[in-house]
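Asker: Sharing a structure with you now.
Each value in this text was obtained by applying a stated rule to the coordinates, not by laboratory testing. Being a predicted model, the structure only gives us computed values, none of them experimental. Here the Cβ positions follow ideal geometry from the backbone for every residue, glycine too, while neighbour counts run over all protein chains shown.
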Amino acid sequence: MSEAALDVRYSVRHGQGTISMAGEIDLTTADQLRQAASACLAKNPMNLHVDFTDVTFCDCSGLNALLWAYRQARQQGTAMHLRGLQPPVARLFDVTGTTPLFRLRDVA
């Protein structure tokens with residue numbers, strides 16, 4: 001898979017941060033998630049919504065980047081919400097026991 005396998009977009013409006021992704025999150029693309037989370041969190045949103053609707057694969061590198069973002073968000077008092085987890089990605093969270101850390105919305 002090439003480095004362009006993940007499209008990441010982010011914004012912060014009215015205290016709400018949003019990260020939307022499409023593609024695969026793996027060793028070569030996980031840093032894109034980390035960078036987007038860092039940029040969003042730098043604006044101190046009340047909530048950070050991470051949309052996985054169009055994410056087809058996530059490995060432990062992606063999970064690690066997400067856990068990094070979770071710790072950063074928690075330190076500054078920002079609630080983190082995940083939405084649109086597809087079954088293969090949701091399974092990663094279930095198997096690793098990390099599902100309870102996140103507020104899940106619209107899980108497929």
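Asker: Please give the calculated 222 nm ellipticity per residue for the chain, where each DSSP H segment of at least 4 residues contributes -39500 (n - 2.57) and the sum is spread over every residue; nearest 500 deg cm²/dmol?
Answerer: The helix-only estimate for the chain comes to -11000 deg cm²/dmol at 222 nm.
Asker: Taking amide hydrogens as modeled 1.01 Å from N in the peptide plane, which residues meet the under 5 Å criterion relative to residue 50, leaving out close sequence neighbours?
Answerer: Under 5 Å from the amide H of residue 50: 19, 81, 82, 83.
Asker: I would also like to ask the following. How large is ³J(HN,Hα) for each residue in the range 84-92, as worked out from phi by the Karplus curve 6.51 cos²θ - 1.76 cosθ + 1.60 (θ = phi - 60°), to whole Hz, x for Gly and Pro?
Answerer: For the range 84-92, the Karplus-derived couplings read x, 5, 7, x, x, 6, 4, 4, 4 Hz, x marking Gly and Pro.
Asker: Mind listing the phi-derived Karplus ³J(HN,Hα) values for the range 22-34, rounded to whole Hz, using 6.51, -1.76 and 1.60 with θ = phi - 60°, and x for any glycine or proline?
Answerer: Per-residue couplings from phi come out as 9, x, 10, 9, 9, 4, 7, 10, 4, 5, 5, 5, 4 Hz.
Asker: If you average the sequence gap of Cα pairs under 8 Å that are 6 or more apart and divide by the length of the range 3-105, what percent do you get for the contact order? Walk me through the numbers before you get to the answer.
Answerer: Details: 191 pairs, mean separation 27.0, N = 103.
Relative contact order comes out at 26 percent.
Asker: If you take every residue apart from residue 21 with its C-beta less than 11 Å away from the C-beta of residue 21, what net charge results, scoring Lys and Arg +1 and Asp and Glu -1?
Answerer: On the way: positive: 9; negative: 7, 24, 51, 54.
So the environment of residue 21 carries a net charge of -3.
Asker: Can you list residues whose amide H is under 5 Å from residue 55's amide H, if they're 5+ apart or on another chain and H is modeled 1.01 Å from N?
Answerer: Here the answer is 23, since their amide H atoms fall under 5 Å of that of residue 55.
Asker: Using the Cα centre of the chain as origin and beta-carbon charges of +1 (Lys, Arg) and -1 (Asp, Glu), tell me which of 76, 63, 102 is placed farthest towards the positive end of the dipole.
Answerer: 76
Asker: What does the convex hull of the Cα atoms of the chain come to per residue, in Å³, rounded to a whole number? Write out the running numbers ahead of the final one.
Answerer: On the way: hull volume 8.8 nm³, N = 108.
Convex hull of Cα atoms, per residue: 82 Å³.
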